[in-house]
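Below is one structure; the comments refer to it alone.
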Amino acid sequence: MTILPPTRAGRIRLAILLAIFFGAAAFFRPDRFLAAMFYDKREGDIVFQSLPAGPLTEAIEGISESPWSHCGVLVRERGKWMVAEAISDVHLTPLDQWVMRSRHCRFAAYRVNTMSIEAVPKLRRELDAFMGKPYDYNYAPDDSEIYCSELVFKAFERALGIRVGKWDRLGNLNWKPFEKFIRSMESGGLPLEREMITPVALTRSPLVHAVVR
């Protein structure tokens, strides 16, 4: 059994993600790291980061016109703060490792306005249902594979019945400067009709407010 993506485009994306992990150490900022670690955390906070520079990161941030290239949900697991995220697959990552991965430890946290302690178990059940699912290399809206902001959106929608953020067509975003990269990921295709939810779209929802940015 192979753990590599079956397509050439998938293997390219995986190589980019691995480069993100190995390049993160060069961007450590102690002040930002401490600010992220010691803010007044709550389960269910939606956390954002700027991944280390690379073709995929530049495309995500450029197409969405924001500094946020990745996001996840803050949870408490056996007394330790973790981030439920989709990157390579859906799994939990310790918060300290998650922040250190970010470019210059850039970090933000947003909180759903109606989030209560009673809602946490429901949210955890929805997040847990996605655990182990592979990363969505095609950014499609179905559940067979999941990308980061899709995980956040679907977990809150199914747990709380709210839609955090707005899905948009790739063609409505800033895709033109990144056409060559998109085509390389899509084996020459240009899926302008594909709907997706970007990390920054979550921050723009009137249903959330910033607690760290």
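Working note: Karplus 6.51/-1.76/1.60 with θ = phi - 60° gives the range 122-128 the couplings 5, 5, 4, 4, 5, 5, 4 Hz, where Gly and Pro are set to x. Only lysines eight or more places from K176 in sequence, or on another chain, were considered; those with a Cα closer than 26 Å are K166. Contact order for the chain, expressed relative to its length and based on alpha carbon pairs under 8 Å spaced 6+ residues apart, stands at 24 percent. Stokes-Einstein, applied to the Kirkwood radius of the range 136-197 over Cα pairs at a viscosity of 0.692 mPa s and 37 °C, places its translational diffusion at 259 µm² s⁻¹.
Candidate cross-link partners of K133 among the lysines, defined by an alpha-carbon separation under 22 Å and a same-chain spacing of 8 or more, comprise K122, K154.
Axis angle, to the nearest 10 degrees, between helix 55-64 and the longest C-alpha principal axis of the chain: 70 degrees.
Could you give the longest part of the chain that holds none of the chymotrypsin sites (Phe, Trp or Tyr not before Pro) found in DSSP loops with at most 15 neighbouring Cβ atoms within 10 Å?
Longest stretch, sites excluded: 40-166.
Report the charge-dipole magnitude of the chain in Debye, nearest 20, computed about the Cα centre from +1 at each Lys and Arg Cβ and -1 at each Asp and Glu Cβ.
Values: 29 positive and 25 negative charges, 71 e Å.
With Lys and Arg at +1 and Asp and Glu at -1, about 340 debye.
Report Rg/Rh for the range 172-213, rounded to two decimals, where Rg is the Cα radius of gyration and Rh the Kirkwood radius.
On the way: Rg = 14.2 Å, Rh = 12.5 Å.
Taking Rg over the Kirkwood Rh, I get 1.13.
Of interest is the spacing of the C-alpha centroids, which for the range 177-213 and the range 99-150 amounts to 15 Å.
Values quoted throughout were computed directly from the atomic coordinates according to the rules given, and no laboratory measurement underlies them. Nothing here was measured: the structure is a model prediction, and the numbers come from that model. With ideal geometry, Cβ positions are generated from the backbone for all residues, glycine too; neighbour counts draw on all protein chains shown.
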